[in-house]
Amino acid sequence: MSHQPVHVRRPWAVAVLTIVTVGIYWPIWYFKVNRELRDVGRLGGDESLGASRPSRSVVAVILGGLILVPGIVSYLRFARRLRDGERAAGAAVNRSGVIATVLVAAQIISYASPGAKGSTFIVVGAITLALWLSAMVLAQMRMNAIARTLTEERAPAVVDAAVAPA
């Protein structure tokens, strides 16, 4: 793979784009990071991670707005893929589970909130949005760490090739 499999993004820009696009950027970002994790798995020899299907993840979270379970399963698997991506790239592995917890909490709150009215609806919506945006920022920070690790691994090979005698 000659291109960088993980793109560095400004974590807060990801959150702002989600707000500015009224949520349209969320599934696009989710697809991209899942695809990048799949590519890291292929690059790092992790067959399970390399075989993941980003489009299925997006469909599951979109359906998660209607049916609770697919979204939760997708978020739990995303957290595992993120950890596996860190391992495959040789980055520091974060085992805290914060991202999975935050995403699942946001999914459950959003699923339970359609009956809310007035100010309760606004408060529940704000909490859900804050949870999702927080998870996006944290996940993107971890994706950036994977990208930096991959860049550091490749840099010495490029320098060595440039210095090698002809």
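Just so you know, all these numbers are worked out from the coordinates, no wet-lab data involved. None of these values were measured; they are calculated from a predicted model. Cβ placement follows ideal geometry from the backbone for every residue including glycine, while neighbour counts extend to all protein chains displayed.
Out of 123, 59, 137, any idea which swings most in a Gaussian network model of the chain, alpha carbons joined below 10 Å? Evaluated over the chain, the most mobile residue of the options is 123. Our estimate of slack between residue 68 and residue 130, defined as 0.36 nm per intervening residue step minus the Cα-Cα distance, is 20.4 nm.
Overall, the chain carries a charge dipole of about 360 debye about its Cα centre when +1 sits on the Cβ of Lys and Arg and -1 on the Cβ of Asp and Glu, all other atoms neutral. Taking the helices alone, the chain has a mean residue ellipticity at 222 nm of -26000 deg cm²/dmol, built from -39,500 (n - 2.57) per DSSP H run of at least 4 residues and averaged over all its residues. Estimated at 0.36 nm per residue, the fully extended path between residue 151 and residue 31 surpasses their Cα-Cα distance by 41.0 nm. For the chain, the residue among 26, 6, 110 whose Cα projects farthest onto the positive side of the dipole built from Cβ charges is 110. Each peptide among 46-53, 33-40 gets the average number of other Cβ atoms lying within 10 Å of its residues, and from highest to lowest they stand as 33-40, 46-53. So for the chain, taking the charge dipole from beta-carbon charges (+1 Lys/Arg, -1 Asp/Glu), which of 135, 65, 97 sits furthest toward the positive end? After comparing all options, I get 65.
Determine, for each peptide in 128-136, 88-96, the mean count of other beta carbons within 10 angstrom over its residues, then list the peptides with the highest first. Display every interim value, and only then the final one.
Numbers: 128-136: 19.2, 88-96: 15.9.
So the peptides 128-136, 88-96, ranked by packing, come out 128-136, 88-96.
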